[in-house]
Amino acid sequence: MNLINIFRNLCHNIIKSIQKRVVKNLRDFSFYEMVKRAKIKTSLSKYNKLIGENPNDYRAYNNRGNLYLQMGRLQKAISDYNKAIEINPNFSIAFVNRGYAYQEMGFYDYAIRDYSKAILLNPSNSMAYNNRGFTFLLLGRFSEAEADIIRALEISPNNIYALNSMAELHAVLNNVEEACRWLKRAIEKGFNNWEYIRKSKTYDNIRNSECFKSLITKKPLTPPALKTDA
């Protein structure tokens with residue numbers, strides 16, 4: 001067998017291997033989506049029943065809102081968070097969740113207002129600081145973003161979302177090595193939303209750096225875990 005044929009066979013085997021991995025990933029995601037939809041449907045029925053039995057169950061409203069949030073039905077999510085807050089105005093988690101829904105809709109001022117209220121109600125809520133910090137980041141208010149993310153990590157040093165937010169902040173500021181260092185820490189602590197890491201515009205400045213590419217090529221496209229309860 002001459003060198004040309006050897007090279008052709010090698011290329012053919014590499015292509016077949018890549019195709020198998022792509023097909024497997026697609027199958028894994030299809031299966032994940034089916035499981036996700038089934039879980040959401042079951043959980044919706046559960047919270048509908050709980051709310052029917054007790055219309056003052058603010059946690060049930062909050063958790064059903066989380067399901068609507070995952071489904072992308074943001075207005076319905078906000079309606080449920082509104083109801084949870086109406087029943088219990090001191091329920092800080094609902095303010096954090098409603099703030100996130102507003103953030104997803106691009107209503108950043110409303111999001112910041114809700115995160116600030118959550119912090120007022122519970123100053124030890126690490127996610128409220130992290131989410132407000134990330135919203136400041138989206139608005140280009142970088143010093144405020146850094147202060148909030150630092151505070152989130154002071155409260156909860158292993159908060160994987162705050163670790164990732166710090167990586168995103170440094171990426172936006174084009175601090176390549178610092179961004180990769182924080183992202184590496186987030187991944188080591190369990191941050192596994194690879195689809196987000198690969199696609200988020202916050203990482204665009206460092207996407208072609210060697211350290212970023214080395215971090216994301218080591219891991220598969222694993223879907224994040226599904227969580228709904230407060």
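The values are calculated or read from the model by the stated rules, or taken from the named source; none is laboratory data. Keep in mind the model is a prediction, meaning the values are calculated, not measured. Here the Cβ is made from the backbone with ideal geometry for all residues, glycine too, and neighbour counts use every protein chain on show.
Select from the stretch 59-90 the residues that are outside any loop (DSSP other than H, G, I, E, B) and small (Gly, Ala, Ser) and write down the one among them that is surrounded by the fewest Cβ atoms within 10 Å (Cβ to Cβ). Here the residue is Ser79. Scanning the stretch 195-205 for residues that are crowded, with 17+ Cβ neighbours inside 10 Å and more than 22 Å from Ser156 (Cβ to Cβ) yields Tyr203, Asn205. Within the stretch 33-57, restricting attention to residues that are part of a helix (DSSP H, G or I), modelled with pLDDT of 80 or more and charged (D, E, K, R), the residue that is surrounded by the fewest Cβ atoms within 10 Å (Cβ to Cβ) is Glu53.
Looking at the stretch 152-159, can you tell me whether even one residue there is under 19 Å from Tyr196 (Cα atoms), β-branched (Val, Ile, Thr) and touching a Phe, Trp or Tyr at 6+ places or on another chain (Cβ under 9 Å)? So far as the stretch 152-159 goes, no, none of its residues is under 19 Å from Tyr196 (Cα atoms), β-branched (Val, Ile, Thr) and touching a Phe, Trp or Tyr at 6+ places or on another chain (Cβ under 9 Å). Considering the stretch 94-111 alone, what residues qualify as being surrounded by fewer than 22 Cβ atoms within 10 Å (Cβ to Cβ), part of a helix (DSSP H, G or I) and among the hydrophobic types (A, V, I, L, M, F, W, C)? Of everything in the stretch 94-111, just one residue is surrounded by fewer than 22 Cβ atoms within 10 Å (Cβ to Cβ), part of a helix (DSSP H, G or I) and among the hydrophobic types (A, V, I, L, M, F, W, C), namely Met105.
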